[in-house]
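Encoded as structure tokens, the structure appears first; notes follow it.
Just so you know, all these numbers are worked out from the coordinates, no wet-lab data involved. Here the structure is a predicted model, which is why all the values come from computation and not from measurement. A quick note on method: Cβ atoms are made from the backbone with ideal geometry, for glycine too, and the neighbour counts reach across all protein chains shown.
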Amino acid sequence: MKRQVPLVLCFLFGVVMCFTQFSPHSFSQSIYDEVVYWALIMSPFALAVGTITLIQTHVIRIRRRTEHWQYSFVVFAGLLTMVAIGLPFGPQHPAFAWLFNNVQVPLDATMFSLLAFLIASAAFRAFRARTFEASLLLISAMIVLIGNVPVGDLIWNTVLSWLPWDNGASEARQWILGNPNLSARRGIILGVSLGVISQAIRLILGIERSYIGGGD
Amino acid sequence: MIKTTQWIAVCLILCLSVGTAFSQGLSPPSNVTAMDTPNDNGSSITITWDAAAEGSGISGYQILRRIAGGELEAVGDLLPAGTMNYVDSAIEKGTTYAYIVRAVGETEATVDSEQTGPAEGTGEWFHTGKTPLFIAMLLFSAAIVWNIYNARSGKEVFVRRIPGLEAVDEAIGRATEMGRSILYVLGLGGVSGVATVASMTILAQVARRTADYETPLRVPCNDPIVMNVVREMVKTAYLEEGHPDAYNEENIFFLTEDQFAYAAGVDGIMVREKPATVFLQGSFAAESLILAETGNSIGAIQIAGTDSEHQLPFFIAACDYTLIGEELYAASAYLSKEPMLLGSLRGQDWGKVLIFGAIALGVILELSGIPWITTLLQRVN
């Protein structure tokens, strides 16, 4: 029973939601909106569950004095401060907005900006021309890099001025992005789409049931 | 006497207006029809008319409508000359409307079309424009279902080797030998994301193996609902493998819903705990490289998989193995070797053959000047 009910519900909702995509009638659209609305209702409950789990995790860390357990106090300080201001005064309160704009946003930006350095280190490894494929990747990457900056065309038009093509760097970049790159991407997208449909059918028919704990 | 003068003035004005209209060649819009807009929920009526001839002097059109027995009212703004249809979306369901298209001349002179017949907005149960898509979906679904049930007969299904999945046992064994944990990252997707569900099914298989080897499995979650589902899945896997005592609920925990805070949290776990194996499976965005590079820096064996095609190059550059796109969805079948799941993979391949066939046929037809498939695809759009 514990397994059958979720499977039956999954089948019913899967089939109905699929057909709402093909039916513009207001009745089927209202079913779709209603189900999406139900999903939204779950969010506050999920937030409560998440907060409780977060508190539990950090209480355990402090109690067991695990490595860097002191930082768990920072989590509690942040949580309590934002709740103490946000709950009675709302998210529009200047103090809440100030904390968000001057603490969270810069922290997020800091993490995001790390990407620039990580891309460089990952590219260094990926572009080592040890195999034929890696050499192709390196050459393509260099062309795209040079084609992306205005100086690329300047170099082309100056150094390779004897060639019959102008602005060859940006043209070559455009060709790489628009042909081999786009073709490969579309191939992946097609495969992903078929995979998604296949996965959905397995879920709807109850063949794939590990998400409810597996077994029969 | 005054009345007679007024009448003469009105007649003169009318004659002048009609005269101006005729002198400009302003003719009323012809073939005006009003009908329910097809393939909608009954919230609009489409009015169409023939294009005015060149040099007709028409500068625009005004749509007028009337509820049965009611007054004429203008609908929307003045439409530019050259317009041949208008969709009236401001209608009430169950109400019948009649329309007149008023042509407005360059000198503000106007001339009205004949009133259309009554039209009412009705919702359609099936979107006929999506018929090819619907048929394709039915065909593809039928292929998968047929292969799934055919696989039950015990026929062996060939599945090509997927190195990323072959390495799962090796990666778990390595963590066990080193006495370190395994970190499984499900990405940013919610429980409604298909990639997240696919990732959870791989996690179930990984959990079965970690239960056998009694290797700690750590799962930091980005979504509280995903966390609860994962806890239940991993618990069941440990129970079914006969090691319920090895299951530790605290190892599956909620970190944060914020993208970069989640990346920072997972990076922190990697740096502190130095897991021997890192699985990055699911839906990822800009944080993918932050996670993969940190995992690389601690020397963990990394198996990544995502359907976000923009993040694939990052995983390929920074991870040991990467499941590309559809391989993520094939992983559950591949790892469990369950015939019915493997059958669905064959159905998926049939779909691919069908699509490649359509692409080849489309190219040949297009080169021969027959745009059938292009037209069909444009109609679906």
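General observations
- Angle between chain A longest axis and helix A:105-126 axis [Cα atoms, degrees, rounded to 10]: 50 degrees
- Virtual spin-label span in nm between B:Glu71 and B:Glu170, 7 Å along Cα→Cβ: 8.2 nm
- Sequence-separation-based contact order of the range A:127-216, relative, with Cα cut under 8 Å and 6+ spacing, percent: 19 percent
- Shielding of peptide A:7-13 by partners, expressed as the average count of other chain Cβ atoms within 10 Å per residue Cβ, is 0.
- Relative exposure of B:Asp223, B:Asp77, judged by other C-beta atoms within 10 Å (fewest first): B:Asp77, B:Asp223
- The slack between A:Met42 and A:Ile62, meaning 0.36 nm per residue of separation minus the straight C-alpha distance, is 4.2 nm.
- Each Cα pair under 8 Å and six or more residues apart adds its separation to the average, and for chain A the resulting relative contact order is 21 percent.
- Chymotrypsin sites (Phe, Trp or Tyr not before Pro) restricted to the range A:135-216 and DSSP loop, no more than 14 other C-beta within 10 Å: A:Trp162, A:Trp165
- Acute angle (nearest 10 degrees) that the helix B:259-273 long axis makes with the longest principal axis of chain B, alpha-carbon atoms: 10 degrees
- Ranked B:Ile370, B:Ile100, B:Ile144, criterion: other C-beta atoms within 10 Å, fewest first: B:Ile370, B:Ile100, B:Ile144
- Look at where the Cα atoms of the range A:77-134 and of the range B:246-324 average out, and the two centres are 16 Å apart.
- Counts of other chain beta carbons within 10 angstrom of each beta carbon in peptide A:21-31 average 6.
- Gyration tensor verdict on the range B:156-337 (Cα atoms; rounded if a/c is under 1.5, prolate if a/b is larger than b/c, oblate otherwise): rounded
- Estimated [θ] at 222 nm from DSSP helical runs (n ≥ 4, -39500 (n - 2.57)) normalised by residues in chain A, nearest 500: -25500 deg cm²/dmol
- The angle separating the long axis of helix B:339-367 from the principal Cα axis of greatest extent in chain B is about 40 degrees.
- Whichever aspartates and glutamates have a C-alpha closer than 15 Å to that of A:Lys2, once near sequence neighbours (fewer than 8 apart) are set aside: A:Asp216, B:Glu232
- Applying both filters, DSSP loop and at most 10 other Cβ atoms within 10 Å, to the chymotrypsin sites (Phe, Trp or Tyr not before Pro) of the range B:248-284 eliminates every site.
- Our summary of shape: the Cα atoms of chain B have principal axis extents of 115, 47, 38 Å, ordered from largest down, in whole angstrom.
- Karplus-derived HN-Hα couplings along the range A:37-51 (A = 6.51, B = -1.76, C = 1.60, θ = phi - 60°), whole Hz, x at Gly and Pro: 5, 4, 4, 5, 4, 5, 4, x, 5, 4, 4, 4, 4, x, 5
- Radius of gyration, Dmax [the range A:127-216; alpha carbons; angstrom]: 22.0, 72
- Along principal axes, Cα extents of the protein assembly as shown, largest first, whole Å: 114, 71, 65
- Global form of chain A, assessed from the alpha-carbon gyration tensor, a/c cut-off 1.5: oblate
- In this structure, A:Asp108 and B:Glu92 have a Cβ-Cβ separation that, at R0 = 41 Å, corresponds to a calculated FRET efficiency of about 0.30.
- Whichever lysines have a C-alpha closer than 28 Å to that of B:Lys352, once near sequence neighbours (fewer than 8 apart) are set aside: B:Lys130, B:Lys155, B:Lys337
- Separation of the range B:333-381 from the range B:203-228 is 35 Å, based on Cα centroids.
- Cβ crowding within 10 Å ranks B:Ser43, B:Ser308, A:Ser135 as A:Ser135, B:Ser43, B:Ser308, fewest other Cβ atoms first.
- Antiparallel %, DSSP beta bridges [both residues in the protein assembly as shown], to 5: 60 percent
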